[in-house]
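Chemist: Sharing a structure with you now.
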Amino acid sequence: MSIFARTLGALAGAAVVAGCATVAAGSDAGQSALALLKQDFRSKGPATLERVTERDEAQQLCSQYPQERPAEVATRIESAQQKTIRPPADGNYLGSWQEGEKIAQNGRGMQSSDAIGGINGGNCYACHQITKQEISFGNIGPSLYQYGKLRGNSEEIVKYTWGKIYNAQAYTACSNMPRFGHNGILSEAQIKDVVALLLDPASPVNQ
Ligand code: HEC
């Protein structure tokens, strides 16, 4: 063991002891896991250690209440996350559904083998059915097939769809869906394109 690693180990140990004094007994395991991560894992490319070890208030509350959470905790998370949503600068919410389909199909980005600052995909098919043409999809999220046909594209629906993709937790505390805009996974232009994929009447989603 190098002196450097030894020093980190000692610091991590100190953090665990300090943590135990202030946190509930149930979260000791969480504190030890965090200390281990900090001790043994390294950032590589865009896959940074901080993405795991530095949690915002929503993530901390979701870890504290992993299954069910009191209504006031959920409301607190959702209203704080609502404030992060930035509407498109030019007021135009819809881009190109053809580009949106490519983004939904693309699962690349933010992995250790990707370039820092590279363009990410949305990987939407990993969790959602979207078009009838794509038969390979996950089902952690609800099917989005005919999303626009079923809901129409009123201003309310357009803004909800934008906000949901921008920051899913603004509507569902502790959602499994990534916070694409809030966390800078997708750009404003890319979010416009996936909104068009869901809402454009010409999109295969709405046939
Ligand atoms: C890791 C899984 C995952 C990924 C990836 C994901 N989602 Fe989701 N999504 C969910 C889950 C789970 C829900 C339901 C819970 C919720 O509403 O947050 C959801 C809900 C939604 C909803 C709300 C549906 C409704 O009935 O109101 C929309 C719209 C949506 N996702 C769009 C997208 C788009 C577009 C992408 C890609 C840019 C995407 N999702 C990527 C998991 C995911």
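The values are calculated or read from the model by the stated rules, or taken from the named source; none is laboratory data. Please read these numbers as outputs of a predicted model, since none were measured by experiment. For neighbour counting, all protein chains shown are included, and Cβ atoms are generated from backbone atoms with ideal geometry for every residue, glycine included. For the accessible areas, the whole protein counts, side chains as well, though only heavy atoms, and no ligand, DNA or RNA atoms are used. Shrake-Rupley method; radii C 1.70, N 1.55, O 1.52, S 1.80 Å.
Chemist: Tell me whether the stretch 130-143 contains one or more residues that are within 12 Å of the ligand (Cβ to nearest atom), out of contact with any strand residue (DSSP E or B) (no Cβ under 7 Å at 6 or more places or on another chain) and either in a helix (DSSP H, G or I) or basic (K, R) (or both).
Modeler: No, there is no match, as no residue in the stretch 130-143 is within 12 Å of the ligand (Cβ to nearest atom), out of contact with any strand residue (DSSP E or B) (no Cβ under 7 Å at 6 or more places or on another chain) and either in a helix (DSSP H, G or I) or basic (K, R) (or both).
Chemist: Moving to a separate point now. Please specify each residue of the stretch 44-65 satisfying the condition of being closer than 21 Å to N183 by Cα, open to solvent by 60 Å² or more (accessible area, probe 1.4 Å) and part of a loop (DSSP other than H, G, I, E, B).
Modeler: Within the stretch 44-65, E54, R55 meet the criteria.
Chemist: Among the residues that make up the stretch 138-149, is at least one of them in contact with a Pro (Cβ under 7 Å, 6 or more places away or on another chain), within 21 Å of Q207 (Cβ to Cβ) and not assigned by TED's automatic domain parsing to the domain that holds S43?
Modeler: Yes, some residue in the stretch 138-149 is in contact with a Pro (Cβ under 7 Å, 6 or more places away or on another chain), within 21 Å of Q207 (Cβ to Cβ) and not assigned by TED's automatic domain parsing to the domain that holds S43.
Chemist: Considering only the stretch 99-117, I want to know if a residue exists there that is modelled with pLDDT of 95 or more, surrounded by 18 or more Cβ atoms within 10 Å (Cβ to Cβ) and more than 18 Å from the chain's Cα centre (by Cα).
Modeler: Looking for residues that are modelled with pLDDT of 95 or more, surrounded by 18 or more Cβ atoms within 10 Å (Cβ to Cβ) and more than 18 Å from the chain's Cα centre (by Cα), one finds at least one in the stretch 99-117, hence yes.
Chemist: Additional query: Somewhere in the stretch 181-204, is a residue open to solvent by less than 80 Å² (accessible area, probe 1.4 Å), within 8 Å of the ligand (Cβ to nearest atom), touching a His at 6+ places or on another chain (Cβ under 9 Å) and in the same structural domain as M110 (by TED's automatic domain parsing)?
Modeler: No; the residues of the stretch 181-204 include none that is open to solvent by less than 80 Å² (accessible area, probe 1.4 Å), within 8 Å of the ligand (Cβ to nearest atom), touching a His at 6+ places or on another chain (Cβ under 9 Å) and in the same structural domain as M110 (by TED's automatic domain parsing).
Chemist: Taking the stretch 172-207, which residues are more than 19 Å from F137 (Cα to Cα) and of a type in the set (A, V, I, L, M)?
Modeler: A173, I185, L186, A189, I191, A196, L199, A202
Chemist: Only one of K83, K132 is in contact with a helix residue (DSSP H, G or I) (Cβ under 8 Å, 6 or more places away or on another chain), open to solvent by 40 Å² or more (accessible area, probe 1.4 Å) and of a type in the set (K, R); which?
Modeler: K132
Chemist: Kindly indicate whether any position in the stretch 107-118 is within 13 Å of the ligand (Cβ to nearest atom), more than 18 Å from S203 (Cβ to Cβ), touching a residue at least 24 places away in the same chain (Cβ under 8 Å) and touching a strand residue (DSSP E or B) at 6+ places or on another chain (Cβ under 8 Å).
Modeler: Looking for residues that are within 13 Å of the ligand (Cβ to nearest atom), more than 18 Å from S203 (Cβ to Cβ), touching a residue at least 24 places away in the same chain (Cβ under 8 Å) and touching a strand residue (DSSP E or B) at 6+ places or on another chain (Cβ under 8 Å), one finds at least one in the stretch 107-118, hence yes.
Chemist: Could you tell me which numbered condition I103 fails, if it satisfies all but one of (1) of a type in the set (V, I, T); (2) assigned to a loop (DSSP other than H, G, I, E, B); (3) closer than 25 Å to D200 by Cα?
Modeler: (2)
Chemist: Let me ask you something else. Of the residues G122, G95, G91, which single one is open to solvent by less than 60 Å² (accessible area, probe 1.4 Å) and without any contact (Cβ under 8 Å) to a residue 12 or more places away in the chain?
Modeler: From the options G122, G95, G91, the qualifying one is G91.
Chemist: So which residues in the stretch 144-179 are over 20 Å from P88 (Cα atoms), of a type in the set (S, T, N, Q) and near the ligand (Cβ under 9 Å from one of its atoms)?
Modeler: Those that are over 20 Å from P88 (Cα atoms), of a type in the set (S, T, N, Q) and near the ligand (Cβ under 9 Å from one of its atoms): T172, S175, N176.
Chemist: Test each condition in (1) within 14 Å of the ligand (Cβ to nearest atom); (2) free of Cβ contacts under 8 Å to residues at least 24 places away in the same chain for I77 and report the one that comes out false.
Modeler: Unmet for I77, out of (1) within 14 Å of the ligand (Cβ to nearest atom); (2) free of Cβ contacts under 8 Å to residues at least 24 places away in the same chain: (2).
Chemist: Right, something else. Tell me, yes or no, whether the stretch 155-174 has at least one residue that is over 13 Å from the mean Cα position of the chain (by Cα), open to solvent by 20 Å² or more (accessible area, probe 1.4 Å) and farther than 30 Å from C62 by Cα.
Modeler: Looking for residues that are over 13 Å from the mean Cα position of the chain (by Cα), open to solvent by 20 Å² or more (accessible area, probe 1.4 Å) and farther than 30 Å from C62 by Cα, one finds at least one in the stretch 155-174, hence yes.
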